[in-house]
1. Output the residues belonging to segment 288-306 that are open to solvent by less than 70 Å² (accessible area, probe 1.4 Å) and without any contact (Cβ under 8 Å) to a residue 60 or more places away in the chain.
2. Would you mention how many residues in segment 239-271 are assigned to a helix (DSSP H, G or I), open to solvent by 40 Å² or more (accessible area, probe 1.4 Å) and under 20 Å from W220 (Cα atoms)?
3. In segment 119-163, which residue that is closer than 18 Å to K177 by Cα and among the hydroxyl-bearing types (S, T, Y) is farthest from the chain's Cα centre (by Cα)?
4. When only residues in segment 108-146 that are out of contact with any helix residue (DSSP H, G or I) (no Cβ under 8 Å at 6 or more places or on another chain), of a type outside the set (S, T, N, Q) and assigned to a loop (DSSP other than H, G, I, E, B) count, which is most open to solvent (accessible area, probe 1.4 Å)?
5. Quick one: is I283 in contact (Cβ under 8 Å) with a residue 12 or more places away in the chain, farther than 24 Å from R315 by Cα and open to solvent by 20 Å² or more (accessible area, probe 1.4 Å)?
6. All but one of (1) under 26 Å from A121 (Cα atoms); (2) loosely packed, with under 15 Cβ neighbours inside 10 Å hold for I216, so report the exception by its number.
7. Are any of the residues in segment 170-181 free of Cβ contacts under 8 Å to residues at least 60 places away in the same chain, among the aromatic types (F, W, Y) and either touching a Leu at 6+ places or on another chain (Cβ under 7 Å) or more than 18 Å from F265 (Cα to Cα) (or both)?
8. Criterion first (within 23 Å of E303 (Cβ to Cβ), outside the structural domain of L128 (by TED's automatic domain parsing) and either surrounded by 17 or more Cβ atoms within 10 Å (Cβ to Cβ) or in contact (Cβ under 8 Å) with a residue 60 or more places away in the chain (or both)) does V204 satisfy it?
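The values are calculated or read from the model by the stated rules, or taken from the named source; none is laboratory data. Since the model is a prediction, treat every value here as computed from it, not as a measurement. Backbone-built Cβ (ideal geometry, glycine too); neighbour counts: all protein chains shown. The accessibility values were calculated without ligands, DNA or RNA, using every heavy atom of the protein model including side chains. Shrake-Rupley method; radii C 1.70, N 1.55, O 1.52, S 1.80 Å.
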Amino acid sequence: MDSVSLSEVTVIRETTHLGFMHSFRQPFCGVKISPKFYLSKVDGPKAISSSSNTKSQFVYGGGSIAATSDSGYKMNGVNLKSRTLMSSAVKERSLLDAYDDEYGGVIVDHGKLPSNPYAFASMLRASLSDWRRKGKKGVWLKLPVEQSELVPIAIKEGFEYHHAEKGYVMLTYWIPKEEPSMLPANASHQVGVGGFVLNQHKEVLVVQEKYCAPSITGLWKLPTGFINESEEIFSGAVREVKEETGVDTEFSEVIAFRHAHNVAFEKSDLFFICMLRPLSDKIIIDALEIKAAKWMPLAEFVEQPMIRGDKMFKRVIEICEARLSHRYCGLSPHRLVSTFDGKPSSLYYNVVDDDHDPSHSNCSTEFYR
């Protein structure tokens, strides 16, 4: 406890020791009294004084409180304000620090969590009661990995796992039992990109992965990978090609995307196939994940048995070939700001034969240089 006041304590000088003990012990159950007290009938917190220069002391909850010369008190060496009500201090310390979200719920401040599991359990129960009384809805509780011992305590109180990242686990609690939970679920999709890079010799940049399923061993495929957090589709495609092959590219457009379900970790998958223009041709592979990389003639690439027998990938190649002959136009990113959040974002679209702004269309642009 950081602050304790004795303003509510009234100690009356009595002729019997029992009278003193009854008056003093009521608000402080379990207090051990120093035998050196001299009692005087005064107002307020000055009711405890010393008959000599020796400091008066008593013990509260294992902490030593001593009277000071400025009519205040010290507890374990910490100065206590004489007019701070103990009941208010206890109430403040019994609840978790939290702030309201935009949807009638609360977010627990994970930077101010108690380190003691027993204190956390007590404060969590008290906080849930307080939030329920105030009509709050959902509770978001982020527990850092350094305090993972608090997870089973929260689970026991009814919290559920929402998601986990490298440094924390997020738990949620829906307070109104009579209503279905309106808390949004964890992310449902992963996003991947594949880079279709063709040079002026109509050779496509392909790789063989170092680690892959036995069924695709020896397959020459497009460089692929996952989008990083807060990364654009177009910049992610350029990065993946660079990381795997060392080739610098420039994003042209999204020519198609695939939507699949129950893929990794039973999540859905969005895979964007991007056409890129090569800015260099020297290949330097990433030896950690790539076995080999090369420029392969497009006709040879298409004739691979696994490519030729896959209807979806065969259609992708047909779309790419249609784009090269200007019979198809993909989607290009355009940076726009929405008034809903005031943040810039990428809108992928293409307008063919726009007389008002021809720059909106790149369908007539040559794909490779």
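1. If the condition is that a residue be open to solvent by less than 70 Å² (accessible area, probe 1.4 Å) and without any contact (Cβ under 8 Å) to a residue 60 or more places away in the chain, then V302 is the only one that fits.
2. Result for segment 239-271: 3.
3. Per the stated criteria, the residue is S129.
4. Of everything passing the filter in segment 108-146, K134 is most open to solvent (accessible area, probe 1.4 Å).
5. So I283 passes the test.
6. Going through (1) under 26 Å from A121 (Cα atoms); (2) loosely packed, with under 15 Cβ neighbours inside 10 Å one by one, I216 breaks only (1).
7. Within segment 170-181, one or more residues are free of Cβ contacts under 8 Å to residues at least 60 places away in the same chain, among the aromatic types (F, W, Y) and either touching a Leu at 6+ places or on another chain (Cβ under 7 Å) or more than 18 Å from F265 (Cα to Cα) (or both).
8. Taking the combined requirement at face value, the residue satisfies it.
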